[in-house]
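Student: Encoded as structure tokens, here's the structure I'll be asking about.
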Amino acid sequence: MANDHYQSSSSIHLPENARRELKPGEVYRPILQPEYRFPEVTPYSFFLGLLMAVIFSAAAAYSGLKIGQVMEAAIPISIIAVGIAAAANKSKALGQNVIVQSIGASSGVIVAGAVFTIPALYILKLDASFFQIFFAAALGGFLGILFLIPFRKYFVKEMHGKFPFPEATAITEILVTGEKGGKSAGVLVTSGLIAGIYDFLFSAFHFWKETFTSRVLPFGEVLADKAKILFQLNVSAMIFGFGYLIGLKYALVITIGSFLSWFVLVPLINQIGSIVAGGGDNLFASMQPEQIFSLYVRPIGIGAIAMAGIIGVIKSSKVILSAFSLAFGGFLKGKPKQVSSDDNLRTQKDIPMNTLLILLAFTIIAIFIFFLFGVNITPLQAIVALLTVIIISFLFTSVAANAIAIVGTNPVSGMTLMTLILSSFILTQVGLSGSEGMVSALIIGGVVCTALAMAGGFITDLKVGYWIGSTPLKQESFKFIGAIVSAATVGLVIFILQASYGFTKEDYVRNQNKFTYEELLQIENKTASKELMERYQNELNKAEPLVAPQANAMAAVIQPLMSPEAKVDWMLYLVGAFIALFVNWLGISPLAFALGMYIPLPLNTPLLVGGLIAHYVEKTKDEKLRSARAQRGTLIASGFIAGASLFGVIAALLLFFKVRLYDIVGNWKISTEAEYLSLIMFALLVVYFIWDTLKARPE
């Protein structure tokens, strides 16, 4: 039951120590104080959260399959929740909006896990049923939630102020600002509109290019072609905003990792090719730097991420062992043992560990049954597949959470690719290959991918709840329902889209019903007449199937792997693993460095710009002024992320309906001038950010 111990709207604000490390003996007190209860799970928040999960699951699935980009769900849902609460004049909405966002945000993570892998089954002519899609997504989501909960206190409480949590920061600022209104709301709305329109002008209209490259500079093209040295900068306001929230420390580590990949390894591989050729043909001479990075350097980054995950598990082993010792203590003594008085606080209550273990056992049994009957493999193969899923999901859960905590980006595609490679290698050892092996490996990849996407997304929800003062037990309990609804929605959407459009040109033509069954049979058996083949070829040329780029990549990888003589460049992954070890020994975050190596350069360089600006605007001896600038800068950066996300959804919707606003600018969008303009506009955006942030004054 809620009581009246609720701050007035005007006084609601995040405590000063919300984003910095606590001093010895200092305690963090959230907005919704732990000694009191507030409205959280109500019919309003529950059903609105489910509605958001359905809407954004469908939208994100379509956008992910159509244009290769899964719609950002958490931030737009936060904005919508705040807007609806304001329109309904709803009081005490803060705790309820956290639940709306938490349930609804299941959509984006479940969709990412499903659309990256499951459509590959259709692409490889291995049809998947609705139930295969649903259970792979739902069980993966459950696994991600259950594996993450023991890590909650470590990431959100024990590491307080040590991780920047850029996405959680933006969501929290939106929810808190929406609740209190006033000047802060004005700053958030203004910065959101500026960033949203700015990103919309290049994403929808193509008035300037999204990425500036050194190719447009004098000798830049020569450097890229001959030496394979290429600088790139994405000019998105959203990524720049993430950079500010991340701060200089992590932004610098990430970018140095990226510089190692692009300015050392890519040119080095090209030079080694030239030396080996000995005056003959250099294999890499005809490749662009981007190709060398994708084929040879990115796997090194994946190996580094995998090793960083193992290092992370070892470092947090005390937390894991402590959590499980509590659970077993509860089983033996009949009730859970408390380690501190803090555990009795509403804001520190998780699902009890003994209950968690029971749920985990049921989930593992369900996955085994799903593999055995849903994928139709032998009991031994199902056990091997189950162990693969459990071990990889557990190891990479901390990686996903850590990545989101540091940079706000989850390298789930890289970890899924590693999963496919490992599972394919393991499954071939127990007799699974060919079509059955590909189905099994992709289903395993789907479960793991969804688990990791859920773990990364859920840690954001829990951090938002920690800052605001929500009850973790309620967030955790109702996250399962969001996962089920999102899995059902994405399963239905993928099934319908495959039947309506298809993921290959052949499927698209077949689904349009322009050829009879007999004609299609003749075409497949190559007995069709010349006229029929010409008509079929014309339809293929006009076909517009769903692109599903990630699933196409997974399909391309899995085919050669599912054969006994499959060749995997293990040495590249091993090199990455050693790099992560060396970086860790230097006292540098191995995951942040590995993420930099893996994520493309244009997405890392704006992070460094944002980190440098954060360092500059907060560099003052006046502690009160520094705090005021930090708060205003955080609000503006959050507005940048929110506005760019929201306008990004609008741009995606326009593409869905084939509204091509960029046709207005014609060939300008591919001109050198458009690329130079991108750098000028980005500079103006940075200048505006600095100017507005420096306006902050101590209260």
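The values are calculated or read from the model by the stated rules, or taken from the named source; none is laboratory data. The model shown is predicted, which means the values in this text are computed figures rather than measured ones. As a convention, Cβ positions derive from the backbone with ideal geometry for all residues, glycine included, and neighbour counts pool all protein chains shown.
Student: Of all residues in region 346-374, which are of a type in the set (D, E, K, R), part of a loop (DSSP other than H, G, I, E, B) and touching a Ser or Thr at 6+ places or on another chain (Cβ under 9 Å)?
Tutor: Within region 346-374, Lys349 is the sole residue that qualifies.
Student: Continuing with this model, one more query. Give the number of residues within region 425-450 that are within 21 Å of Ala304 (Cβ to Cβ) and buried (at least 24 other Cβ atoms within 10 Å of the Cβ).
Tutor: Here the count works out to 3.
Student: Might you let me know whether region 640-662 holds any residue that is surrounded by 21 or more Cβ atoms within 10 Å (Cβ to Cβ) and at pLDDT 85 or above?
Tutor: yes
Student: Quick one: in region 185-243, of everything that is of a type in the set (Asp, Glu) and over 21 Å from Ile613 (Cα atoms), which residue is surrounded by the fewest Cβ atoms within 10 Å (Cβ to Cβ)?
Tutor: Filtering region 185-243 for residues that are of a type in the set (Asp, Glu) and over 21 Å from Ile613 (Cα atoms), the one surrounded by the fewest Cβ atoms within 10 Å (Cβ to Cβ) comes out as Glu221.
Student: Sort out which residues of region 259-305 are farther than 30 Å from Trp585 by Cβ and touching a residue at least 60 places away in the same chain (Cβ under 8 Å), and write them in order of number.
Tutor: Within region 259-305, Gln288, Glu290 meet the criteria.
Student: Just a yes or no: is a residue in region 629-639 at pLDDT 85 or above and closer than 28 Å to Ile305 by Cα?
Tutor: Within region 629-639 (the criterion being at pLDDT 85 or above and closer than 28 Å to Ile305 by Cα), the answer is yes, since at least one residue qualifies.
Student: Exactly one of these conditions fails for Gly465: (1) touching a helix residue (DSSP H, G or I) at 6+ places or on another chain (Cβ under 7 Å); (2) modelled with pLDDT of 85 or more; (3) surrounded by fewer than 23 Cβ atoms within 10 Å (Cβ to Cβ). Give me its number.
Tutor: Failing condition for Gly465: (3).
Student: Does Lys153 count as of a type outside the set (A, V, I, L, M, F, W, C), surrounded by fewer than 20 Cβ atoms within 10 Å (Cβ to Cβ) and assigned to a helix (DSSP H, G or I)?
Tutor: No.
Student: Can you spot a residue in region 140-158 that is among the charged types (D, E, K, R), without any contact (Cβ under 8 Å) to a residue 24 or more places away in the chain and over 27 Å from Ile484 (Cα atoms)?
Tutor: Taking every residue of region 140-158 in turn, none turns out to be among the charged types (D, E, K, R), without any contact (Cβ under 8 Å) to a residue 24 or more places away in the chain and over 27 Å from Ile484 (Cα atoms).
Student: Which of the residues belonging to region 514-535 are assigned to a loop (DSSP other than H, G, I, E, B), basic (Lys, Arg) and under 22 Å from Tyr501 (Cβ atoms)?
Tutor: Lys514
Student: Restricting attention to region 445-503, report how many residues are of a type in the set (A, V, I, L, M) and assigned to a loop (DSSP other than H, G, I, E, B).
Tutor: Number satisfying all stated conditions: 0.
Student: Is there a residue being hydrophobic (A, V, I, L, M, F, W, C), buried (at least 19 other Cβ atoms within 10 Å of the Cβ), in contact (Cβ under 8 Å) with a residue 12 or more places away in the chain and not in a helix (DSSP H, G or I) anywhere in region 617-627?
Tutor: There is no residue in region 617-627 that is hydrophobic (A, V, I, L, M, F, W, C), buried (at least 19 other Cβ atoms within 10 Å of the Cβ), in contact (Cβ under 8 Å) with a residue 12 or more places away in the chain and not in a helix (DSSP H, G or I).
Student: Here is a further query. Does region 398-413 include one or more residues that are under 30 Å from Ile599 (Cβ atoms), surrounded by fewer than 24 Cβ atoms within 10 Å (Cβ to Cβ) and of a type in the set (Gly, Ala, Ser)?
Tutor: Checked against the condition, which is being under 30 Å from Ile599 (Cβ atoms), surrounded by fewer than 24 Cβ atoms within 10 Å (Cβ to Cβ) and of a type in the set (Gly, Ala, Ser), region 398-413 yields at least one hit.
Student: Restricting to region 269-299, count the residues that are among the polar types (S, T, N, Q) and within 25 Å of Ala577 (Cα to Cα).
Tutor: 4
Student: Moving on to the next point. Does any residue of region 171-183 turn out to be touching a Pro at 6+ places or on another chain (Cβ under 8 Å) and crowded, with 24+ Cβ neighbours inside 10 Å?
Tutor: Within region 171-183 (the criterion being touching a Pro at 6+ places or on another chain (Cβ under 8 Å) and crowded, with 24+ Cβ neighbours inside 10 Å), the answer is no, since none of the residues qualifies.
Student: Just to be sure, is Gly64 closer than 30 Å to Lys505 by Cα, part of a helix (DSSP H, G or I), in contact with an Asp or Glu (Cβ under 7 Å, 6 or more places away or on another chain) and modelled with pLDDT under 80?
Tutor: No, not satisfied.
Student: Now for a different question. From Ala120, Ala138, grab the single residue that is surrounded by 22 or more Cβ atoms within 10 Å (Cβ to Cβ) and more than 23 Å from Ala73 (Cα to Cα).
Tutor: Just one listed residue meets the conditions, Ala120.
Student: Counting just the residues of region 1-47 that are at pLDDT 80 or above, hydrophobic (A, V, I, L, M, F, W, C) and farther than 21 Å from Ala170 by Cβ, which one comes out surrounded by the most Cβ atoms within 10 Å (Cβ to Cβ)?
Tutor: Per the stated criteria, the residue is Phe38.
Student: Would you mind telling me which numbered condition in (1) surrounded by fewer than 24 Cβ atoms within 10 Å (Cβ to Cβ); (2) at pLDDT 80 or above Gly457 fails?
Tutor: Evaluating Gly457 over (1) surrounded by fewer than 24 Cβ atoms within 10 Å (Cβ to Cβ); (2) at pLDDT 80 or above leaves (1) as the failure.
Student: Within region 272-313, take every residue that is small (Gly, Ala, Ser) and within 21 Å of the chain's Cα centre (by Cα) and give me the one that is surrounded by the fewest Cβ atoms within 10 Å (Cβ to Cβ).
Tutor: So, considering only residues that are small (Gly, Ala, Ser) and within 21 Å of the chain's Cα centre (by Cα), the one surrounded by the fewest Cβ atoms within 10 Å (Cβ to Cβ) is Ser294.
Student: State the number of residues belonging to region 82-98 that are more than 15 Å from Pro30 (Cβ to Cβ), assigned to a helix (DSSP H, G or I) and in contact (Cβ under 8 Å) with a residue 24 or more places away in the chain.
Tutor: 6
Student: Identify, by number, the condition in (1) at pLDDT below 75; (2) over 22 Å from the mean Cα position of the chain (by Cα); (3) farther than 30 Å from Leu532 by Cβ that Gln512 doesn't meet.
Tutor: Unmet for Gln512, out of (1) at pLDDT below 75; (2) over 22 Å from the mean Cα position of the chain (by Cα); (3) farther than 30 Å from Leu532 by Cβ: (3).
Student: Out of (1) at negative phi; (2) touching a residue at least 60 places away in the same chain (Cβ under 8 Å), what's the single condition that is false for Asn376?
Tutor: Failed condition: (1).
Yes/no matrix, rows are residues, columns are (1) modelled with pLDDT under 70; (2) in contact with a helix residue (DSSP H, G or I) (Cβ under 9 Å, 6 or more places away or on another chain); (3) under 30 Å from Leu223 (Cα atoms); (4) not aliphatic (A, V, I, L, M):
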site: Phe293; (1), (2), (3), (4): no, yes, yes, yes
site: Val319; (1), (2), (3), (4): yes, yes, no, no
site: Asn344; (1), (2), (3), (4): no, no, no, yes
site: Ile351; (1), (2), (3), (4): no, yes, no, no
